[in-house]
Amino acid sequence: MDWKITPVGPLGARVEGPDLREPLTPAQVRRIEQLMDEHAVLVFPGQQIDQHQQIAFARSLGPLDLGLRKITGGGAHRFAYDELADISNVKADGSIAGRDDPKIVGNVANQLWHSDSSFQRPRAKYSMLHAVVVPGFGGETEFADLRLAWDTLPAWLQQRVRGLRAVHYALHSRFMLGATHYTEAQRAAMPPVEWPLVQTDPRSGRTVLFVGVHACEIPGMTLAEGRMLLADLLEHATRREHVYQHRWAVGDLVMWDNTTTVHRGRWFDFAERRELRRATTEEVQASPEALAA
Ligand code: OGA
Ligand code: MN
């Protein structure tokens, strides 16, 4: 396997060599998993894959996650697979969504630091995002390493948060952004889930500070104190020295581990087209009890 691996920052590595149009061999799957355990983000440049090849690639790495579609049903979309998320400011008919289109709230919410589907059980493991159309300016994606976040957390804070859990709720980020259009049924359709704040990554054995914008409450603390602690921890986790910023080129496929990183999109002009496609695997067999560090 003659792949060229080049680290790109405090986390992340560029992987040149594989052709993701072709099915992965078992040895290649193992190699990618090992590289993910080490780097947490992998950039595969110049991958001219179609939606079928992207889904096949993702399926070879685990069962696919439906994200919010699991609950809401989703509605009309442009792809042959419900499992392919349309990460774009484009409507099902192919036209650019207006700034007041409900879809744009999702684009803005993606600009808050988060881990995909941390509000569900199972949560997401790998996300694989492929760039089809990129804007002329902005629209980068940033990744922060939650293992580094733990390693660099001051000892008194490590002591304070060990054993705590956080409640993750799907609509918290939407409410933060002022969205009010959700019905009672929609609000109730996504019951919150709890995850330990401090986890042991079962694959690498490293300790992870599992924070992100979906975390909205700490059981046993007042809402105000819990939210403040979560905000402080997220601020620490996303310090620049923990971050890799990816500038997209068409054909890039970027893959990240949602259990060891958080990510966010950066500003771009919503009047310009930005089209990416995401496939996501579910984390297999992680009970919150087993993860607690
Ligand atoms: C995602 C996501 C950020 C971006 O696809 O899960 O958060 O930059 N994307 O589009
Ligand atoms: Mn995301």
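The values are calculated or read from the model by the stated rules, or taken from the named source; none is laboratory data. It should be emphasised that the depicted structure is a prediction, and the values quoted were computed from it without experimental measurement. Cβ coordinates were reconstructed from backbone atoms using ideal geometry, including for glycine residues, and neighbour counts include every protein chain displayed.
Values as computed for the structure displayed
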read-out	value
Leading residue by the ranking (surrounded by the most Cβ atoms within 10 Å (Cβ to Cβ)) among those in region 258-293 that are away from ligand 2 (no atom under 16 Å from the Cβ), acidic (Asp, Glu) and closer than 20 Å to Ile87 by Cβ	Glu272
Residue in region 56-63 that is in contact with a Leu (Cβ under 8 Å, 6 or more places away or on another chain), under 14 Å from Ala279 (Cβ atoms) and among the small types (Gly, Ala, Ser) present	yes
Which numbered condition Cys216 fails, given (1) within 15 Å of ligand 2 (Cβ to nearest atom); (2) touching a Phe, Trp or Tyr at 6+ places or on another chain (Cβ under 8 Å); (3) under 28 Å from Pro102 (Cβ atoms)	(1)
Helices (runs of 4 or more DSSP H) contained in region 138-178 and holding at least 1 residues more than 17 Å from Leu209 (Cβ to Cβ) and away from ligand 1 (no atom under 16 Å from the Cβ)	172-176
Check on Leu253, closer than 30 Å to Val198 by Cα, at pLDDT 95 or above, buried (at least 17 other Cβ atoms within 10 Å of the Cβ) and away from ligand 1 (no atom under 11 Å from the Cβ)	yes
Some residue of region 230-241 being under 28 Å from Asp82 (Cα atoms), more than 16 Å from ligand 2 (Cβ to nearest atom) and of a type in the set (A, V, I, L, M)	no
Given (1) more than 15 Å from ligand 2 (Cβ to nearest atom); (2) within 24 Å of Ile32 (Cβ to Cβ); (3) in a strand (DSSP E or B); (4) not hydroxyl-bearing (Ser, Thr, Tyr), number of the condition Met255 does not satisfy	(1)
Count of region 233-249 residues which are of a type outside the set (Asp, Glu) and assigned to a helix (DSSP H, G or I)	6
Conditions (1) in a loop (DSSP other than H, G, I, E, B); (2) in contact with a helix residue (DSSP H, G or I) (Cβ under 9 Å, 6 or more places away or on another chain); (3) under 21 Å from Pro288 (Cα atoms); number of the one not met by Gly205	(2)
The lone exception for Ala170 - which of (1) in contact (Cβ under 8 Å) with a residue 40 or more places away in the chain; (2) out of contact with any Asp or Glu (no Cβ under 9 Å at 6 or more places or on another chain); (3) small (Gly, Ala, Ser); (4) surrounded by fewer than 23 Cβ atoms within 10 Å (Cβ to Cβ) it fails	(4)
The one condition in (1) over 16 Å from the mean Cα position of the chain (by Cα); (2) among the β-branched types (Val, Ile, Thr); (3) farther than 17 Å from Gly106 by Cβ that Thr180 fails to fulfil	(3)
Scope region 261-293; condition within 14 Å of ligand 1 (Cβ to nearest atom), among the charged types (D, E, K, R) and under 19 Å from the mean Cα position of the chain (by Cα); matching residues	Arg264, Arg266, Arg274, Glu275, Arg277, Arg278
